[in-house]
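K.L.:
A single structure is presented below for examination.
Laboratory data are not the source of any read-out in this text; all were calculated from the coordinates shown. Computed from a prediction, not measured in an experiment: that's the story for all the values here. Cβ: placed from backbone, ideal geometry, glycine included. Neighbour counts: every protein chain shown.
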Amino acid sequence: MEKNQKIVFIIHGWGGYPKEGWFSWLKKEFEKRGFKVFVPKMPDAGKPKINAWVSKLRKLAKDADENTYFVGHSIGCQAIMRYLEKLPKGKKVGGAIFVAGWTSLTNQTPEEKPIAKPWLETKINFAKVKKSAKKFVAVFSNNDPYAPFSKNSKVFKQKLGAKIILEKNKSHFSGSDGVKKLPIVLSELLQMAK
C-alpha cells in the first residue's frame, strides 16, 4: 500500500452484511476518489459479541494511522469505539462517522435483549476514544425506532465532541429501510480526509 493512501473501513451493524443498503454505493464512491475501502463481514452478525468484533477490527486495521477512517452502522459504531479505546497511547486515526450509533436502545425484542445487554452495559472509555481519532461525526434519523436521537446524540456530542447531523425519515438506516445511498456520509468523510 502506498504511503498516504487513505483507507476507509465500513462496519455493518447487528444482522447486517457487507452488501447491505448503502455500503456498496459508499464503497464505490470512495474508490472513485482513490480511497482503499474495506467492508468486512463481521463475525456472527446475528449475535454480535464485543470481543469477537473488536478483535476482528484490530486484525483488519492493525496499521491504522491518520489516513485511516471508519464508518460504522448501528452496533458497528460501538465496535469502532471499543476498538479505538484500545489503541496504543499516541496512536491516532483520521476519524470516524457513526450512522445510527447508540449507547441506549429502545424497542428490543425479548430475543434481542440478552445480545444487546453486554453492548449496553460494558462501559466505553470515551476519553480514550476521543484521543484516538481526530474527528467524529454522528448521523441520526428523526424517526429511528431503536436509537433515540435525543439520548444518543447527547452522548456523541458531549463525550466525543462529534458533529451531529439529523437526517429525515431514514429510520435506522438499514437496508430494509430502503436507504440505498447516504451522500451525507460521503461528503462528511471527504471533508474529514482533506
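K.L.:
Just need a number here: residues in region 149-158 that are under 16 Å from the mean Cα position of the chain (by Cα) and not aromatic (Phe, Trp, Tyr).
P.N.:
Count: 4.
K.L.:
Hey, can you tell me all the residues within region 25-38 that are outside any loop (DSSP other than H, G, I, E, B), closer than 12 Å to residue 186 by Cα and either more than 15 Å from the chain's Cα centre (by Cα) or among the aromatic types (Phe, Trp, Tyr) (or both)?
P.N.:
25, 28, 29, 30, 31, 32
K.L.:
With region 72-172 as the region, which strands (runs of 3 or more DSSP E) entirely inside it contain at least 3 residues that are closer than 20 Å to residue 23 by Cβ and touching a residue at least 12 places away in the same chain (Cβ under 8 Å)? Lay out the reasoning, then the answer.
P.N.:
Numbers: elements: 93-99, 133-141, 163-167.
Where strands (runs of 3 or more DSSP E) fall fully within region 72-172 and carry at least 3 residues being closer than 20 Å to residue 23 by Cβ and touching a residue at least 12 places away in the same chain (Cβ under 8 Å), they are 93-99, 133-141.
K.L.:
Which number in (1) touching a residue at least 40 places away in the same chain (Cβ under 8 Å); (2) under 16 Å from the mean Cα position of the chain (by Cα) marks the one condition that residue 41 misses?
P.N.:
All conditions are met except number (1).
K.L.:
OK, next. Residues 66, 31: which one is loosely packed, with under 13 Cβ neighbours inside 10 Å and either free of Cβ contacts under 8 Å to residues at least 40 places away in the same chain or under 20 Å from residue 93 (Cβ atoms) (or both)?
P.N.:
31
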